[in-house]
Structures are given as structure tokens and as C-alpha cells.
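These notes concern the structure reproduced below.
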């Protein structure tokens, strides 16, 4: 993984970036979650940098495709348990708690609203917020060792960040309900059947597959491709699923902090 120029010549409001690495290859910008020692765990700093980078792409029409990937052994292991993201702090105002609770949602929105076409490059663990970052992308290409999991309910909290409507939009209510409420991991083969992944390849072929898809998208007429993406985004808005995200931060701030999840019954 090699940096190109001044981080791909994409200045952001979060510069200098500490959690991400940007690599520019022509019209394609690679955004790498770059905390491999902790499996690219997510904290507020990471999420703010993600939002800043994807927002900044709006000022760079020459960036046609943005690829989001994870350095090291996993795409993302979810929340950084040492410094959990979107965790309201006791003693702060309701407005401050709500703003903090929406940090992850803002990152997902920035990805979804990005003017360029977005691709999630997944491998290894894709957990919690990592799932939502990936699903916010237009396309998802995964290695066959990819495993998606949403453990939030089992940990005693609802899925936030607008995740429920986002998953309903992408894979349907039945599959979304199964993933969110049972907390069962979904392997790459299942993920492809669900619609979580558009393509599954061997880990050694992952970069080739992503490059092939990127090249095809870059080769499409920009105006018609961008307009088509806008149509999908407008459909999602007109379906009014996005309205549910307004309640996420309220639910999260109300449920979190009520104590640990009850012990699971013995499987035997």
C-alpha cells in the first residue's frame, strides 16, 4: 500500500488524517481504514475522518470512484472498546449527547451521499459499525473469508446509525430482521445470497476484482452514471425509511447505560 502524492490531493477538514490512509490511482481514490493492530476498530476520530474525506470528494470531480477498505487482517472489527464511538457522556447536555450519538450516522450518510461511486472492499471480520459503513457503499466486493456480524442487540443495545432502514433498503426487511435480531454471523456465501455482497472472490483475487469493477465504472459516461446514483438515493428518501434514523439517537441514548445484557441461557 503506497501513498500517492499528498494523500491523493484530497484535503479535508480533518487533516492531517490519523486513522485513514488515502491512495490515489487516477480517477480512483482508495480510502483505507488504517488501524490494523486493532483490526481497524472504530472510534469517533475514525468516523469523523471518514465523513470528512467522503464530503471532500464533492470538490473533486476528477474522482470517479472511491474504494473503502481495511488494512491488515480485517475490514473492521466494529467499535473500539477502549474508546467506543457515539457514546454519550454523562453530564453533557441533551444536544451534545445527541450530536455524539449521530457521529456514526454522519459517516454513513457521507458515504451514501458521495458524488463518486463507492465500493466497499471487504475481507475478514466486518462487525457492527463496519457493516454499516460497507452497506452505505454503492457496491460491495468481498473476499471469501468475509464474515458480517451485528452483535448490538445481544450486547444490550439497539442497532443505531440509521442501520435498520439502511439494511432494509439494501437486503429487505426479512434478511435485515434476521441479521439484527438474531445476531448470527453471515459468511461470504450467505452475504452474496442476501445481497450484502455483489461479488465474492478468493482473497488473492480481491484487488483484481475491485480494480476491474472500478475501471468499468470509470469508463461509464459520468453524467448518466451520476444521475442514476441520484435516482437510487432519491428513491431511498422517497420511501421515507430514512425518517426512522431520527429516532436512533434518542433510542440509543435511552437504552445505553442501563446495564449489561442479561446472561444467555445455557445452550445445554
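Every read-out reported here was derived from the displayed coordinates using simple, explicitly stated rules and does not represent laboratory data. Values in this document were obtained by computation on a predicted structure and should not be read as measured data.
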Could you work out Rg/(2.2 N^0.38 Å) for the range 105-189, with Rg from alpha carbons only? 1.03
Largest first and rounded to whole Å, the semi-axes √(5λ) derived from the alpha carbon gyration tensor of the range 16-77 read 21, 13, 8
